[in-house]
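Student: Below are the structure tokens for one structure; questions will follow.
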């Protein structure tokens with residue numbers, strides 16, 4: 001699945017819904033805001049509010065905090081993670097702001113948390129160095145999974161891929177569905193999403209969805225940095241297992257040799 005959003009209208013822009021897109025089993029949308037605007041949510045689903053850019057004030061569970069993120073490419077994430085039936089309000093303080101929102105059903109409760117660098121499972125890792133002739137170097141920031149939030153039904157993070165590089169390679173798959181939501185720097189950049197045997201050209205604000213069991217990988221055009229949120233809807237009470245496509249697994253071996261050495 002590929003969805004093209006281009007520009008968002010002010011307000012909530014629904015891209016995927018758990019009810020209509022049953023193979024995704026989650027909601028994904030983007031709240032686009034202008035200075036002084038406020039929005040309130042109280043959803044019957046586990047919810048994640050990821051600040052993409054801008055300065056906003058979160059209010060939740062009797063708490064309030066103003067946070068700012070000027071670049072999702074260069075700065076660590078800031079997100080609010082809440083269980084079902086938690087009242088949340090967001091007020092835009094800067095001229096513009098954008099918040100990516102993920103939701104899914106989850107009967108389990110947990111303590112709401114505003115997460116910053118020190119709260120993340122892995123704030124910023126450089127992956128792929130020393131492998132594949134540096135063809136897959138990237139920055140990975142993992143927000144959380146069940147190891148640091150046992151009650152969650154999400155596994156979520158973000159990737160910043162360097163110009164001309166691959167990510168999520170070798171191609172891999174898992175039983176759980178996954179969504180990618182893209183940004184490019186500069187914004188007119190693009191990349192390619194491999195989903196099974198299909199390849200989609202992806203641009204700023206696009207979204208791709210991979211149903212369970214479908215292989216996927218990602219490539220970025222030279223000259224452009226690619227960012228994407230990846231969000232996986234975990235199975236209820238089942239441990240996730242990721243499988244690499246066997247015929248391409250060798251390329252990630254530290255001892256592997258490539259052209260012109262072979």
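Every number in this text was worked out from the coordinates using simple rules, so none of it is lab data. Everything numeric here is computed off the predicted structure, so don't read it as measured data. With ideal geometry, Cβ positions are generated from the backbone for all residues, glycine too; neighbour counts draw on all protein chains shown.
Student: Considering the chain as a Gaussian network with a 10 Å cut-off on Cα pairs, which listed residue, 238, 111, 199, attains the greatest mean-square fluctuation?
Tutor: Among 238, 111, 199, the largest mean-square fluctuation in the Gaussian network model of the chain belongs to 238.
Student: In whole angstrom, note down how far apart the Cα centers of segment 65-129 and segment 177-193 are.
Tutor: Segment 65-129 and segment 177-193 have Cα centres spaced 19 Å from each other.
Student: Pick from 230, 250, 60: which is most flexible by mean-square fluctuation in a GNM of the chain where alpha carbon atoms under 10 Å apart are linked?
Tutor: Between 230, 250, 60, it is 250 that shows the largest mean-square fluctuation.
Student: Rounded to the nearest 0.05, what FRET efficiency is calculated for residue 200 and residue 64 with R0 set to 45 Å and r the Cβ-Cβ distance?
Tutor: Step by step, r from the Cβ atoms, then E = 0.65.
Student: Moving on to the next point. Below 8 Å between Cα atoms, with a sequence gap of 6+, how large is the relative contact order for the chain in percent?
Tutor: Relative contact order for the chain comes out at 18 percent.
Student: Once you place label points 7 Å from the Cα toward the Cβ at residue 135 and residue 42, how far apart are they in nm?
Tutor: 5.4 nm
Student: With springs only between Cα atoms under 10 Å apart, run a GNM on the chain and tell me which of 106, 188, 42 wobbles the most.
Tutor: In the Gaussian network model the winner is 188.
Student: What ranking, highest mean first, results for peptides 9-18, 89-98 when packing means the other Cβ atoms within 10 Å averaged over each residue?
Tutor: For the peptides 9-18, 89-98, the packing ranking is 89-98, 9-18.
Student: Sticking with this one: Given points 7 Å out from each Cα along the Cα-Cβ axis, report the residue 89 to residue 256 separation in nanometres with one decimal.
Tutor: Label at residue 89, label at residue 256, 5.2 nm between them.
Student: Which value results when the Cα radius of gyration for segment 1-152 is divided by 2.2 N^0.38 Å?
Tutor: My calculation over the Cα atoms of segment 1-152 gives 1.09.
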